[in-house]
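Taking it in order: structure first as structure tokens, then the write-up.
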Amino acid sequence: MGQGREWYPPIEPYESGMLDVGDGNSIYWEACGNPSGFPAVALHGGPGSSSKPGMRRYFDPQRYRIVLFDQRGSGRSTPHAGDPSVDLAVNTTDHLIADMEVLRTHLAVDRWVVAGWSWGTTLALAYAERHPERVAAMKLTAVTTTTPSEVRWITRDVGRLFPAEWARFRDGVPAADRDGSLVDAYARLLADDDPGVRDKAAWDWCEWEDSHINLGPEPRPWHVEMTPEDRMCFARLVTHYWHHAAWRAEGELLRDVDKIAHIPAALIHGRLDVSGPPDIAWQLAQRWPAAELHIVPGMGHESGGAMGELGVRALDRFVA
């Protein structure tokens, strides 16, 4: 880059499609940039969010073949988890890893750079530790590993910084459930037979998400402004994945980082990220000799600004 721009100009896909990944699921995918460039795959956050056009702009379109996809059940992938009847039993971290391999094979990619944001960093780590031979480098922004302790932090402990907002979140579940796992309580509400109960639970969950990811003076109602279907998808998949702690034991992704210790990586995290404190990124860096750690002053759980610039620079280095 080198000219003060935070990222590359907007681009459109040159190819896209729906890919059957089994279990009745199809995932939306797209490719942008240079069809002959070095492959890179971008993993969105959530779980239950979707790929966004802005994610394309971190990659040099002249040098990268940029692949984005909507993870199973989210975005344009089908069936959509916003439908409460959609079974989530076939939507797990291991299913998403397998989907990435189906997509990689479909696109005839041997190795690719893997970039992830927030939940996407957990998926990126799990994928790389399963298939290190398929990963050329990694760019991880707002690093998480979705452990039980991280889930407790984001649903209970961080409420000390947002007491009024957290009290509303806690009070959204029955009184008998308020001292237990709020993730489990919300998952039950989201599976209730009453559509009104489900919709309120999705709204309350998303309102809490909007509270703790925002450190600015003005509200940022991103999640609550989703469509009702997308709010339901987001809330169902987040509670599903967090209830199961991404189907990984406490500390498993950190312990197994030895499998990818040789892979170049950039770990980029906001110093003021209260949704996912920077100790997770720091702990990974201590065991990852090939990783560069960037703790960015003044930044929270976000991907723009100085954090975006660092991400672009890292991806430029990887493809140089």
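Structure summary
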item	result
Relative intensity, log₁₀ I(q)/I(0), of the chain from a Debye sum that treats every alpha carbon as a point, q = 0.08, 0.10, 0.16 Å⁻¹	-0.34, -0.53, -1.44
Fully extended contour minus Cα-Cα distance, from residue 94 to residue 108, at 0.36 nm per residue	2.9 nm
Accessible-area ranking of 130, 160, largest first, probe 1.4 Å	160, 130
Selected from 145, 121, 92 as most flexible by GNM, with the chain as the system and alpha-carbon contacts under 10 Å	92
Formal net charge of residues neighbouring residue 24 (Cβ-Cβ distance under 15 Å; K, R +1; D, E -1)	-4
Residue-level accessible surface for residue 259, protein heavy atoms, 1.4 Å, Å²	100
Segment 149-245: relative contact order as a whole-number percent, Cα under 8 Å and 6+ apart	27
Charge dipole magnitude, Cβ of K and R +1, D and E -1 - segment 1-119, Cα centre, debye nearest 20	540
Sum of -39500 (n - 2.57) over DSSP H runs of 4+, divided by residues of the chain (222 nm, nearest 500)	-10500 deg cm²/dmol
The chain - accessible surface per residue (Å², probe 1.4 Å)	41
Area accessible to solvent at residue 87, 1.4 Å probe radius, in Å²	100
Overall dimensions of segment 222-320 as given by Cα atoms, namely Rg and Dmax in Å	16.0, 44
Relative contact order [Cα under 8 Å, 6+ residues apart], the chain, whole percent	20
Projected label distance in nm at residue 250 and residue 157, using a 7 Å step from Cα toward the beta-carbon	1.1
Shape of segment 159-216, Cα gyration tensor, a/c cut at 1.5	oblate
Net dipole in debye of segment 153-214 [+1 Lys, Arg Cβ; -1 Asp, Glu Cβ; about Cα centre; nearest 20]	200
Check: the chain dipole with +1 on Lys, Arg Cβ and -1 on Asp, Glu Cβ, in debye	920
Qualifying aspartates and glutamates (Cα of each under 12 Å from Cα of residue 259; at least 8 residues distant if same chain)	129, 133
Accessible surface ranking that places the most exposed of 146, 105 first, with a 1.4 angstrom probe	105, 146
With DNA, RNA and ligands ignored, accessible area of residue 83 (1.4 Å probe; Å², nearest 10)	70
Theoretical FRET efficiency, 1/(1+(r/R0)^6), r = Cβ-Cβ of residue 14 and residue 175, R0 45 Å, to 0.05	0.25
Residue-wise HN-Hα coupling along segment 38-53, computed from phi with Karplus coefficients 6.51, -1.76, 1.60 (Hz; x: Gly, Pro)	6, x, 9, 10, 10, 10, 6, x, x, x, x, 7, 6, 5, 10, x
R0 of 25 Å, Cβ-Cβ distance residue 258-residue 227: FRET efficiency to nearest 0.05	0.05
Centroid-to-centroid separation of segment 172-202 and segment 238-262 [C-alpha atoms, Å]	26
Local electrostatic count, residue 91, Cβ distance below 14 Å [Lys/Arg +1, Asp/Glu -1]	-4
Cα Rg, Dmax, segment 149-245, angstrom units	12.5, 38
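The values are calculated or read from the model by the stated rules, or taken from the named source; none is laboratory data. This one's a predicted model, so the numbers in the text were calculated from it and none came from an experiment. Methodologically, a virtual Cβ is constructed for each residue, glycine included, from the backbone with ideal geometry; neighbour enumeration extends over all protein chains shown. Remember, those area values only see protein heavy atoms, side chains included, never the ligands or the DNA or RNA. Shrake-Rupley method; radii C 1.70, N 1.55, O 1.52, S 1.80 Å.
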